[in-house]
Amino acid sequence: MQLRQQQWKGSAPMKKLRIISGVILPVINWLLWPAVMGIVAQAQPLQDLALIQRVYDPDGRYFPDPIVVQSGVPVRLNITTIQREHQNRVSIDPFFITSEPVVPGKVRAAVFTPEPPGEYTILNLGHGFTGTLFVMETAEEVAQKRREQGFQEFSLLYGTESLYPQEIFVQRNVPLKLYNIGLREDHTVSFEPFLETAKTITANDVTIVEFVPNRLGDFTIHDQTYDITARLVVVPGPAACDFNNDNECNQSDLDLIYGAGNLANGVPVSPATANFDLNADEIIDTVDLDEWLSEAATENGFASSYLKGDVTLDGTVDAADLNELALNWRASGAVWSTGDFTGEGIIDAKDLNHLAINWRQSIPMATQTVPEPSSFVLLATILLVGFARCRTSFERVQPIGVCCL
Ligand SMILES: [Ca+2]
Ligand SMILES: [Ca+2]
Ligand SMILES: [Ca+2]
Ligand SMILES: [Ca+2]
C-alpha cells in the first residue's frame with residue numbers, strides 16, 4: 001500500500017495537479033486584478049471595500065482602520081498603496097496574502113470569505129505596521145461596530161475608468177470619514193447633496209472628505225474629471241435622536257443640540273451639526289428640540305412626546321426636575337439637563353413657566369393598555385370612592401388615584 005501511494009504521488013498526472021494547486025490556484029485565490037474579479041462579483045452578496053496602505057509620511061498605517069465585515073459573506077478588498085516600496089505585500093492571516101508588492105497607481109483585489117467571527121491583523125510584510133479586521137456574526141453587529149468609534153469610515157479609489165468600490169453603504173446620522181485617493185491623477189468630485197462644493201481628490205495621497213449623511217436614499221459620488229460615478233447608499237443607522245451613537249436617547253444627546261448655538265434664534269446648519277437638524281430645514285432651532293423630544297420619547301417606549309420641564313426625561317414633571325432648575329437658576333450656558341427648555345442658554349422665568357404648566361404631568365407608556373369597559377367601570381368606582389375619602393386634600397392637586405390609593 002505504501003509503495004502504491006508513493007508511485008501515485010510521483011505519477012505524471014499528479015505532478016501536473018500539484019503544479020496547478022501549488023502555483024496557479026494560490027494566484028487565483030489570493031491576488032487578482034479587479035477586471036478578473038468581475039467574475040467573482042457576480043456571486044452575491046459581496047462585501048466590496050477598499051483599503052489604502054500608507055507606508056510612511058509620517059508613519060505606516062491603513063485606511064480605514066479598522067475594517068469591519070460580516071462572517072461568512074465573501075469580501076473583495078480593493079487594495080492600493082501610496083509609496084513605492086519593494087516590501088509592500090499585505091497579509092490578513094489566515095485569509096490571504098498578496099504574492100507581489102502592492103504598487104502605487106494600481107488596484108489589487110483580494111477575495112476571501114472571512115470566518116469565523118473574531119479580530120484579525122492586517123499586516124504589512126516588511127515594514128511591520130498593522131491594521132485590524134473585525135469579523136462580526138451578524139449585519140447588526142457590523143453596523144454597531146462600524147459606528148463604535150463615533151464615526152464610520154471607508155476608502156474610495158479613483159481610477160480613470162472606474163471607482164473602487166462602486167457602492168458604499170453608510171448609516172444615516174453617523175459622521176462619515178471617506179478616505180479618497182486618485183490612483184494616477186487628481187480628480188474633481190462632487191458629493192451632493194451632502195457637500196455644496198466639489199472636492200479635489202489628490203493623486204497618490206489620502207484626501208479625507210467628512211460629512212454627516214443625514215438623509216436616507218441612493219446618492220451619487222460623481223467624478224467630474226472622468227465622468228464616472230459610485231453609489232452612496234444611506235441606510236437607517238441608529239435612532240436619529242441618538243447623537244453620540246451609544247444606542248440610547250437621553251440627556252447626553254439632547255444637550256449636544258445646545259452646542260449648535262442659540263436655538264431660540266435658530267442657527268444655520270454646518271457639516272458638523274447636520275445630524276441635529278431633525279426636520280431637515282437647514283436650521284437648528286427649537287423645532288428640532290421638539291422633534292427630538294418626540295422621537296426620543298417614542299424610542300424610549302412612551303406614547304407621546306416628552307414634556308417641557310421634564311429635565312430628567314423620566315416621563316414625569318416633578319420635584320426632581322424643579323430641583324435641577326432651581327439649582328441652576330439664572331445660569332448662562334444652560335442646556336436641557338440644567339433646566340433650559342427654551343433653547344437660548346439661560347434659565348429664567350420662561351423655563352419655570354414651562355415647568356409650571358406641566359407640573360405633575362406624566363406621559364403614558366406606549367405599551368399601556370386601554371382598560372376593558374368592565375374594568376374601566378371598576379376603576380372609576382374605585383376612584384370615586386377614593387375621591388370621597390380624600391377630597392379634603394384635593395386642593396393639593398394630587399391626582400385622586402395617587403393621593404389615596
Ligand atoms: Ca445617545
Ligand atoms: Ca431644523
Ligand atoms: Ca422628570
Ligand atoms: Ca431658557
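The values are calculated or read from the model by the stated rules, or taken from the named source; none is laboratory data. Because the structure is a prediction, the values reported are computed rather than measured. Please note: Cβ atoms are built from the backbone with ideal geometry, for glycine as well, and neighbour counts cover all protein chains shown.
Candidates are the residues of the stretch 259-304 that are of a type in the set (Ser, Thr, Tyr) and not in a loop (DSSP other than H, G, I, E, B); the one that is farthest from the chain's Cα centre (by Cα) is Thr286. Restrict the check to the stretch 31-44 and report whether at least one residue is modelled with pLDDT of 50 or more and part of a loop (DSSP other than H, G, I, E, B). Taking every residue of the stretch 31-44 in turn, at least one turns out to be modelled with pLDDT of 50 or more and part of a loop (DSSP other than H, G, I, E, B). Inclusion of Ala109 among residues that are surrounded by 17 or more Cβ atoms within 10 Å (Cβ to Cβ), under 19 Å from Glu153 (Cβ atoms) and modelled with pLDDT of 75 or more is not warranted. Residue pairs whose Cβ atoms lie under 7 Å apart, separated by 6 or more positions or on different chains, with the first residue in the stretch 299-328 and of a type in the set (Ser, Thr, Tyr) and the second modelled with pLDDT of 95 or more and within 16 Å of ligand 4 (Cβ to nearest atom), are Ser305/Leu293; Tyr306/Leu293; Thr312/Asp321; Thr316/Asp310. Among residues that are under 16 Å from Leu256 (Cα atoms), more than 11 Å from ligand 4 (Cβ to nearest atom) and either small (Gly, Ala, Ser) or not assigned by TED's automatic domain parsing to the domain that holds Val287 (or both), Ser332 is not included. When Val102 is tested against (1) surrounded by 19 or more Cβ atoms within 10 Å (Cβ to Cβ); (2) within 28 Å of the chain's Cα centre (by Cα), exactly one condition is not met: (2).
Annotation: of all residues in the stretch 314-334 being of a type outside the set (D, E, K, R) and buried (at least 21 other Cβ atoms within 10 Å of the Cβ), the one that is nearest to ligand 3 (Cβ to nearest atom) is Val317. Looking at the structure I just gave you, is Leu256 outside any loop (DSSP other than H, G, I, E, B), of a type outside the set (Phe, Trp, Tyr), under 13 Å from Leu289 (Cβ atoms) and more than 16 Å from ligand 3 (Cβ to nearest atom)? When the stated conditions are applied, Leu256 passes them.
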